[in-house]
Structure formats: structure tokens, C-alpha cells
Amino acid sequence: MLSRSIRLLAAVLMLSTSARPARAQAVDFDAASVRQLAAAMDAGTITSERLVRLALARIDAYDDKGPQLNAILTLNPKAVEQARALDAERKAKGKRSPLHGIPIVLKDNFDTYDLPTTAGSILLEGSLPPDDAFLVKKLREAGAVIVAKVNLSEFASGSAFSSLGGQTRNPHDPLRTPSGSSGGTGASIAAAFAVLGLGTDTGGSIRGPATANGIVGLKPTLGLLSRDGIVPLALSFDTGGPLARNVSDIAVALGVMTGVDAADTVTQRSAGRFERDYTRHLDSTALKGARIGVARDFFGQDAEVDWVMEAALATMRAAGATIVDIRLPKWLLDAKGEFYSAVRYPEFTVQIEQYLATLKPGYPRSLAEMIERSNRIVSPRDDGAGPNEVRWNLFKREAASGTLRDARYTAVRSHGLALVTATLDGTFTDLQLDAIVYPTASRRADLITAPPEPPGGGAASAANLANLSGFPDLIVPAGFTTDHLPVGISFLGRAFSEGKLLGLGYAFEQRTKARRLPRHTPALTGEKGIVR
């Protein structure tokens, strides 16, 4: 009788406890999503000015001090002032978008009319473009606050080093690379120097930094986002894209930036296919019933990366996904690097000249002039800027790579890329796949002193498949190696399948929650529980 009474009392206590409204869980600055921050600003419990000051405090603590990440090229001197004005506007008129008042950073190959755009090069030092890049304009109109322009692989190619900014370091291990070419953006977002960042991707340059820094990144479908106002590397492959600490923030940012741009005709492909709100695809059950291909060709390079990947596949199976092992044709694995270089190198020679023509007097007007000027810079300056021999030697290879009329270029551009696209598309169709997954980087992040990888990631990387085909690729944190280095998983989809990929990535993220604040950039005073 007594035991029955105790059980009844316990049941009553459980019911009364469950009936109470749940207390909102406090969220720290580094973990708060855009939607959480927007809700807090709507409620008046936090301001954009405070968010910007928190971001600037972290930059002050960790960019030149502490781990010396060296991610920042140019701070926006008006960031606090602009945040304060946006706070007043929100109070008077309401918010412009979910990004109203959100601190962001931009890779320094995005044109900004009020901040220098240098592509990380001494050769473009101080250059103020005539106007904003299309994506930058969209973000400003949405109310985002540019906190800084960040370092990159010079002219978006090579290791995470530039003649103007030097070497950027990985916040998870400062002896390791943050990967390139959007290494400054990747390190900045991982270290919470901002909430969102923009990178560019020609052969893996959003996705490498996403996995190396343990964050989320999206290389969108070629044509979904305008490239107008981005310093070009090769327009057959170039695209901008967002990096963030969670999938939800990627979805929010993507919807703000889409749209057909008359200045970039490739965006006409997205007419009738782009969306303004990708957050509607964020479904924690999206893996249930999904068919996921696993590109096994890109395993076997690092046992710990492979272990994390197998754990990720087990998570997806447990969520109701069907896992299908696939092997890509040998000719594709053998040819993809050659296809990439055959297009990438000769396009840079022509397209960089077109960009240079838009700049003010005093800057180089051709690749030949860039080579000539770089030959005069043989010693470092007192501020650390100096020669970048690896990238500047690549200038010479690009200049000698032929023209856009050569058979090598035209054959690959007109026929080779279509063959890659058809092969991948056929794989999706034949196996009824919703996505193909692979380790974004088959090995953990390299030491800074290691030799650089080949363009496009080399044979061991699947990264350039998304560029050769124009397909979208979403990177989500999957786990860590025993030496505390992040491992990311790629979700590759068909053209304009960003919504589906975001749903699958979100479902995976909610089950794993693998992202961590880097141990070398811990929380500062005032960051804990800023959202309640």
C-alpha cells in the first residue's frame, strides 16, 4: 500500500513538473544562431552594438594576441556606429530582415566601396572599388554589419597565406592551416569574430576552411549567387557562399543573397529556381527515408577521419536513411584534376585583366604587369607584408597556360565539364540518391609547414567535382580526431538542390551537434548566456 502511494505521489510530481513552462536555456555568444540573436534583439534583451563590441573584443584578444590567428586584414572603423544606427532603426521601424544588426566578415576579394579590396595582395593594397559586390549590397540592405575584411590565399589560390596579410592560423591548432582560400573567413567564424562570413569557392575554397575550422559552409550551385564584384579566379567555377557555425544560419543568409543579377548572366539559370527563405527546409527528420550515396573513393587517407565518417554514416542509418556505397569511374578520378587546371589557369589570365580595368589609376592592368611588379618585391616590410613566392610563381604558370581559344581549353570547357556533370547526374538518377556524402578533406588539417596541396585538392579530394559540375555542396561538422582537429562531412547534391541539402545537413547536425568552440579561443567575459 505504501509503495503504491509513493508511486502515485511520484507520478503527480512528474505531471506537475512537466506542466510547468520550460525555462529558456541560456545560449553563449559563440553558439547563438541568427534567429536566436534576432529574437533577442526584437525583445530588447541585446543590441547589435553589443554584438559588434563582443566580436571586436574577440578579434582584439585572439587575432594579434594569444593564438595570433592573423585572420583580419581590415577592421571597419564605423562598425559600432553602424550597429548603433541599426539598433535605432529597429526600434523606430522594425527590422529589415533576420540579418538586421548581425556582425559579419567578408573575404577580401569581395568589393566594398568603403573598405579596401585587395585579394590579399600588396599589388592591390589600398584599392577602393567603385561600388559593392552584388552579394555585399544584398547583405547591407538586409541590415548586416560588416565588422572586417579578412585574409585569404592571395588571389584566392594556394595556401592560407598572402603577401599583404601573411599566414592565417587555425584556431583549433595554431600550428595547422585553416585551409584556403577562404581561410580567414573560416578561422574568423570558428573563433566567433563574427556570426556569419562570406567566402568564395573555385576548387574547394569554402569547403576546405569549413572542415578545417569545424564550421558549416555552402558552395552553392553555379548561378544561384551573383559573382559581380568578386575578384575572379576562374568564372567557369567561381562562386561566393556563406560560412557559419550552424546550418540554420546558412539557410538564413542564403535566402537573403539569391536573385538574378543582370551583371552576371549565369544567374539567369536560377530564375524560377531560387528561393527567398531556405529555413523552411530545416527538418530534423529529413534523413528518414533519404537515400545517401557514400563516395568510397575518398576514404583511406586518414584512419581517424575515416572513423568519424563511419560514425556519421551510423548516425544517418539510425535516423532512417539508406546508405549506398558508390565508386566513381576511374577516368573521372584520373581526369578531374587535369580538367580543372585546363580551365582554371587560362581563365585567370583573361578575367583578372577585366577586373583590374575597373580599378583606379596606379594599379596593375594585366597579369604581365602583376608579374613585373611582384619581381621588384624581394624583402618583407616592417609591418610583415612581403613576397609570396609560391603564389607569384603561379602567376607565371597561369600566364603560360594558353588562351581561351586553345584546343585544350575549349575541349574541356565545352565537352569535358558536360561529361562530368552528366556522369554525376546519372549516378544520382540510377541509384535514386538524395545526396552523395564524402569526407570534405580526406585527411585532417595539415601543419602550416607541410607542402601545399595541388590545385582543386588533388586526387585524394572530391572537392573539385562540385566545381566541375556546378553542383552544390554543404559541409557540416561531423566530429574530431584525437588531437582535437575537426572533421567535416560533405553533402553533394544536384543543381539547385540547396533546400534538400540544408534539410539533410540540419537533421544530421541536430543528431550530432559536433561543433565546438576552439580551445585556443575560449569565451571572454560577458559572452556567456547572452541569449535567454
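The values are calculated or read from the model by the stated rules, or taken from the named source; none is laboratory data. All figures in this text were calculated on a predicted structure; none of them were measured in a lab. Cβ: placed from backbone, ideal geometry, glycine included. Neighbour counts: every protein chain shown. Just the protein is used for accessible areas: all its heavy atoms, side chains included, with ligands, DNA and RNA removed. Shrake-Rupley method; radii C 1.70, N 1.55, O 1.52, S 1.80 Å.
Counting pairs of alpha carbon atoms under 8 Å apart in space and at least six apart in sequence, what relative contact order in percent does the chain give? Write out the running numbers ahead of the final one.
Details: 1191 pairs, mean separation 101.2, N = 532.
The normalised contact order for the chain reaches 19 percent.
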Sequence-distant residues sharing a close amide H with Ala478 (under 5 Å, placed H): Val487, Gly488, Ile489
Distribution of pairwise C-alpha distances over segment 287-334, 5 Å bins, in %: 5, 20, 23, 22, 17, 10, 3
Alpha-carbon Rg with Dmax, taken over the chain, Å: 23.2, 95
Per residue accessible area of the chain, 1.4 Å probe, in Å²: 40
Per-q log10 I(q)/I(0), segment 383-470, q = 0.10, 0.11 Å⁻¹ (Debye; single scatterer per alpha-carbon; no solvent): -0.43, -0.51
Rounded Å value of the spacing that divides the Cα centres of segment 321-363 and segment 246-268: 21
Positive dipole terminus of the chain, leading residue within Ser248, Ser127, Thr185 (C-beta point charges): Ser248
Translational diffusion of segment 191-315, µm² s⁻¹ [Kirkwood Rh, Cα pairs; Stokes-Einstein; 10 °C; 1.306 mPa s]: 97
Histogram of C-alpha separations across segment 61-184, 5 Å bin width, %: 2, 12, 19, 20, 18, 14, 9, 4, 2, 0
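If you put +1 on each Lys and Arg Cβ and -1 on each Asp and Glu Cβ, how big is the dipole of the chain around its Cα centre, in Debye rounded to 20? Please report the intermediate quantities before stating the final value.
Details: 61 positive and 55 negative charges, 347 e Å.
It comes to approximately 1660 debye.
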Charge dipole (segment 371-508, unit charges on Cβ, about Cα centre) - positive-most of Ser442, Ile489, Gly470: Gly470
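Below 12 angstrom from the Cβ of Thr265, what's the summed charge of the other residues (Lys, Arg +1; Asp, Glu -1)? Spell out each step's value before the answer.
On the way: positive: Arg227, Arg269; negative: Asp228, Asp261, Asp264.
Once all neighbours under 12 Å are counted, the net charge is -1.
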Of Lys107/Lys137; Lys107/Lys219; Lys93/Lys528; Lys219/Lys500; Lys149/Lys513, pairs whose Cα-Cα distance is over 19 Å: Lys93/Lys528; Lys149/Lys513
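Over all directions, the average projected area of the alpha-carbon convex hull for segment 128-220 comes to how many nm²?
Answer in nm², one decimal: 6.2.
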Distance from segment 87-105 to segment 389-444 (C-alpha centre basis), Å: 40
The chain - percent of accessible surface contributed by carbon and sulfur, probe 1.4 Å: 54
Dipole of segment 200-342, positive direction: furthest Cα of Ala319, Met309, Ala234, with charges on the beta-carbon: Ala319
Structure-based [θ]222 nm, the chain - -39500 (n - 2.57) summed over DSSP H runs of at least 4, per residue, nearest 500: -11500 deg cm²/dmol
